[in-house]
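The values are calculated or read from the model by the stated rules, or taken from the named source; none is laboratory data. All values reported here derive from a predicted model rather than from experimental measurement. Here Cβ is always computed from backbone atoms with ideal geometry, including for glycine, and neighbour counts include all displayed protein chains. Accessible surface is based on the protein model in full, side chains and every heavy atom, while ligands, DNA and RNA are left aside. Shrake-Rupley method; radii C 1.70, N 1.55, O 1.52, S 1.80 Å.
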Amino acid sequence: MFTGIVEELGEVVRVTETGGDSALVAVRGPLVTTDARHGDSIAVNGVCLTVVDVDQGVFTADVMGETLRRSALGTLRPGGPVNLERAAALNSRLGGHIVQGHVDGVGEVLSREPAEQWETVRFRLPTALGRYVVEKGSITVDGVSLTVADVGPDWFAVGLIPTTLRLTTLGAREVGDPVNLEVDVLAKYVERLLGDRVTGGGGR
């Protein structure tokens with residue numbers, strides 16, 4: 001589990017195809033690797049990856065074909081920045097919201113509107129995810145926990161403060177760039193529970 005509070009802006013070192021449609025990704029992250037071990041989880045642009053190896057501030061992780069197809073990790077290139085977050089500890093503060101690191105879909109930057117102290121960014125929202133996104137609700141974009149400022153049938157908007165613009169990849173995302181989206185898991189559980197009550201399914 002993660003919180004959507006990015007710890008470090010890392011850098012992709014290399015992407016190596018490992019046969020079929022999978023890949024081995026190496027990422028430089030001096031902070032997140034200080035206590036990382038084989039088998040630990042690190043979110044890369046919001047995708048939970050398992051650490052295979054750690055060496056001098058660089059960790060490697062296997063990325064399955066399913067992950068490449070369902071997320072924007074397939075666009076990673078050496079030298080590119082990535083948002084990094086280690087798995088949350090049970091005794092840590094939940095600064096953002098509950099994030100699983102399981103991408104629900106890929107969105108796209110539609111527009112950016114700079115203001116004096118913040119910037120409003122609008123993203124395309126896959127139609128199937130629209131029912132989970134509400135104004136003032138939470139959503140994860142490239143691993144960053146954000147509050148929805150406005151929402152439409154196939155889009156949503158957020159306000160990015162200077163810290164987020166400076167310390168995450170969202171500050172450099174351009175119109176047309178793909179982003180990983182994870183909706184609030186609580187919304188999906190509520191939908192399932194209400195659906196069971198309406199249809200008479202589920203257990204006691």
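Worth a mention:
- Scope the stretch 179-191; condition in contact (Cβ under 8 Å) with a residue 12 or more places away in the chain and surrounded by fewer than 18 Cβ atoms within 10 Å (Cβ to Cβ); matching residues: Leu186, Ala187, Lys188, Glu191
- Leu73 open to solvent by 20 Å² or more (accessible area, probe 1.4 Å), out of contact with any Pro (no Cβ under 9 Å at 6 or more places or on another chain) and aliphatic (A, V, I, L, M): no
- Among residues of the stretch 8-42 being out of contact with any Asp or Glu (no Cβ under 9 Å at 6 or more places or on another chain), open to solvent by 70 Å² or more (accessible area, probe 1.4 Å) and in a strand (DSSP E or B), the one that is farthest from Pro81 (Cα to Cα) is Glu17.
- Among the residues of the stretch 43-93, those that are aliphatic (A, V, I, L, M) and outside any strand (DSSP E or B) comprise Met64, Leu68, Ala72, Leu73, Leu76, Ala87, Ala88, Ala89, Leu90.
- Residue pairs meeting the criteria (Cβ under 6 Å; at least 6 apart or on separate chains; first free of Cβ contacts under 8 Å to residues at least 24 places away in the same chain, in the stretch 10-30; second open to solvent by less than 70 Å² (accessible area, probe 1.4 Å) and hydrophobic (A, V, I, L, M, F, W, C)): Thr16/Leu24; Glu17/Ala23
One line per residue, one yes/no per condition, for (1) open to solvent by 20 Å² or more (accessible area, probe 1.4 Å); (2) without any contact (Cβ under 8 Å) to a residue 40 or more places away in the chain; (3) closer than 30 Å to Arg77 by Cβ; (4) in a helix (DSSP H, G or I):
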{"residue": "Phe123", "(1), (2), (3), (4)": "no, no, yes, no"}
{"residue": "Ala128", "(1), (2), (3), (4)": "yes, yes, yes, yes"}
{"residue": "Gly159", "(1), (2), (3), (4)": "yes, no, yes, no"}
{"residue": "Arg173", "(1), (2), (3), (4)": "yes, no, yes, no"}
{"residue": "Leu193", "(1), (2), (3), (4)": "yes, yes, no, yes"}
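- All positions within the stretch 137-150 that are open to solvent by 50 Å² or more (accessible area, probe 1.4 Å) and either within 17 Å of the chain's Cα centre (by Cα) or aliphatic (A, V, I, L, M) (or both): Thr147
- Taking the criterion of being under 16 Å from Gly4 (Cβ atoms) and of a type outside the set (A, V, I, L, M), the residues of the stretch 30-61 that qualify are Ser41, Asn45, Gly46, Cys48.
- Selection status of Gly4, of a type outside the set (Ser, Thr, Tyr) and in a loop (DSSP other than H, G, I, E, B): yes
- Every residue from the stretch 85-121 that is open to solvent by 30 Å² or more (accessible area, probe 1.4 Å), among the polar types (S, T, N, Q) and under 23 Å from Val151 (Cβ atoms): Gln100, Gln117, Thr120
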